[in-house]
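Report on the following structure.
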Amino acid sequence: KAKPISGLSALASAAVPPLGAVVLLYDKVIVLLQRASLAAEQRRPQESFLQVSEATTILRGLSHALDFEHGGKLAERLRDTYTRTIFAVLSSYGKPDMPARCRCVAAGLAELRDAWADIARRPQNTGS
């Protein structure tokens, strides 16, 4: 049975502020890419594919949730980042250097995740 956009609906229905949900989704993608890397190193292609598939589904969901009307250039840059990231992950699948590529993508996403977490902690975004 397919999961509804890999947790997006669950986060939307939970009492999680929008920026907090974004941070949690980045966390999930990073973990999935680390698992994909490990599975590839252990020569478990099916498991690696499942992890990559779920990670890219979440990234597609993040991309589709962007508000271009209010987000302007930032939304466009994020869409481009998500698109390039999805392409990088999918094109690495099955390649000998896939584990290293997944770790590299995860590291880049961790920087972006940390930036979102910093924004989420600012007083105007915490309700204080």
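The values are calculated or read from the model by the stated rules, or taken from the named source; none is laboratory data. Since the model is a prediction, treat every value here as computed from it, not as a measurement. Don't worry about glycine lacking a Cβ; one is built from the backbone with ideal geometry, like all the others, and counts go over all protein chains shown. SASA here: full protein model, heavy atoms, side chains in, ligands and nucleic acids out. Shrake-Rupley method; radii C 1.70, N 1.55, O 1.52, S 1.80 Å.
Numbers at a glance
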{"read-out": "Filter result for Glu69 (in a helix (DSSP H, G or I) and in contact with a helix residue (DSSP H, G or I) (Cβ under 7 Å, 6 or more places away or on another chain))", "value": "no"}
{"read-out": "Subset tally (residues that are in a helix (DSSP H, G or I) and free of Cβ contacts under 8 Å to residues at least 12 places away in the same chain) for the range 32-49", "value": "1"}
{"read-out": "All positions within the range 86-128 that are farther than 29 Å from Val16 by Cβ and of a type in the set (Lys, Arg)", "value": "Lys95, Arg101"}
{"read-out": "Residue within the range 110-123 that is modelled with pLDDT under 95, open to solvent by 20 Å² or more (accessible area, probe 1.4 Å) and at positive phi present", "value": "no"}
{"read-out": "Residue count for the range 63-85, restricted to those that are in contact (Cβ under 8 Å) with a residue 24 or more places away in the chain and more than 16 Å from Val105 (Cα to Cα)", "value": "1"}
{"read-out": "Subset of the range 58-103 [more than 20 Å from Ala40 (Cβ to Cβ) and either under 12 Å from the mean Cα position of the chain (by Cα) or of a type in the set (Lys, Arg) (or both)]", "value": "Arg60, Gly61, Leu62, Ser63, Lys73, Arg77, Leu78, Arg79, Thr81, Tyr82, Thr83, Arg84"}
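Conditions (1) part of a helix (DSSP H, G or I); (2) among the polar types (S, T, N, Q); (3) open to solvent by less than 90 Å² (accessible area, probe 1.4 Å), marked per residue:
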residue	(1), (2), (3)
Glu54	yes, no, yes
Glu76	yes, no, yes
Arg84	yes, no, no
Gly94	no, no, yes
Arg101	yes, no, yes
